[in-house]
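Undergrad: Starting off with a structure, shown below.
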Amino acid sequence: MRGPRRAAPAKQRGLSLIEVLIALLVLGFGLLGLAMMQTLSVRYSQSANYRTQALNLAYDLLDQIRANRALSAQFAKITQNSFAGQTGQGCTRPLSYVSPQASAERWKCQVRAALGPAAYADVSQTDGKIRITISWSDARSGVGSVEAAVAGGANGRIAIESQP
């Protein structure tokens, strides 16, 4: 024989619907924050990549200038306007003697290939010092206006100065 049935305790067991909804809301905000952190991480790593490439290109040009000190003034002709017509396609180095003009053209092509179609550089030589400033459009950096960056405004910039 069975004993008498017991009545259900007065306390509720399990979760109510409002508790489940609040838990989902908290989880949703957490996942949203995680997705935002991932987006920012990608953005900042791409900007860091552009800065690294720009610095490598600037040091490459400095090495070319140091290798050809007698004609270093030829490299000072690299200006923003001299990048007109550069597409960043077919940046090859001739196998024979390379003149400073040919080196400068290949270098400008590499700048456009690495940093995009809005990239340019200014090279100046004053008092025996060479200053290289490279500018590019970095729409992902979050610095300045993204619309201006997309429209071709340079919101990424590095500058180095050295004696040849």
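The values are calculated or read from the model by the stated rules, or taken from the named source; none is laboratory data. Every value quoted in this text rests on a predicted model; they were computed, and no experiment measured them. Using ideal geometry, Cβ is built from the backbone for each residue, glycine included, and neighbour counts are taken over all protein chains shown.
Undergrad: One residue is enough: does the range 11-19 have a residue meeting the conditions surrounded by 10 or more Cβ atoms within 10 Å (Cβ to Cβ), at pLDDT 75 or above and assigned to a helix (DSSP H, G or I)?
TA: Yes, there is a match, as at least one residue in the range 11-19 is surrounded by 10 or more Cβ atoms within 10 Å (Cβ to Cβ), at pLDDT 75 or above and assigned to a helix (DSSP H, G or I).
Undergrad: Would a scan of the range 26-37 turn up a residue that is at pLDDT below 85 and over 17 Å from S135 (Cβ atoms)?
TA: Within the range 26-37, the subset at pLDDT below 85 is none.
Among the residues of the range 26-37, not one is at pLDDT below 85 and over 17 Å from S135 (Cβ atoms), which makes the answer no.
Undergrad: Can you pull out the residues in the range 90-115 that are touching a strand residue (DSSP E or B) at 6+ places or on another chain (Cβ under 9 Å) and not β-branched (V, I, T)?
TA: Start the filter on the range 90-115 by keeping residues that are touching a strand residue (DSSP E or B) at 6+ places or on another chain (Cβ under 9 Å), which leaves 104, 107-108, 111-112, 114-115.
A104, W107, K108, R112, A114, L115 - these are the residues of the range 90-115 that are touching a strand residue (DSSP E or B) at 6+ places or on another chain (Cβ under 9 Å) and not β-branched (V, I, T).
Undergrad: Right, another one. Does S47 satisfy the condition of being touching a residue at least 40 places away in the same chain (Cβ under 8 Å), in a helix (DSSP H, G or I) and among the hydroxyl-bearing types (S, T, Y)?
TA: yes
Undergrad: May I ask you to verify whether Q74 is modelled with pLDDT under 85, of a type outside the set (F, W, Y), assigned to a helix (DSSP H, G or I) and more than 30 Å from T39 (Cβ to Cβ)? Let's see the steps before the verdict.
TA: Values: modelled with pLDDT under 85: yes; of a type outside the set (F, W, Y): yes; assigned to a helix (DSSP H, G or I): yes; more than 30 Å from T39 (Cβ to Cβ): yes.
Criteria met by Q74.
Undergrad: Restricting attention to the range 62-112, which residues are farther than 23 Å from K129 by Cβ, of a type in the set (A, V, I, L, M, F, W, C) and surrounded by 11 or more Cβ atoms within 10 Å (Cβ to Cβ)?
TA: Across the range 62-112, the qualifying residues are C91, V98, A102, C109.
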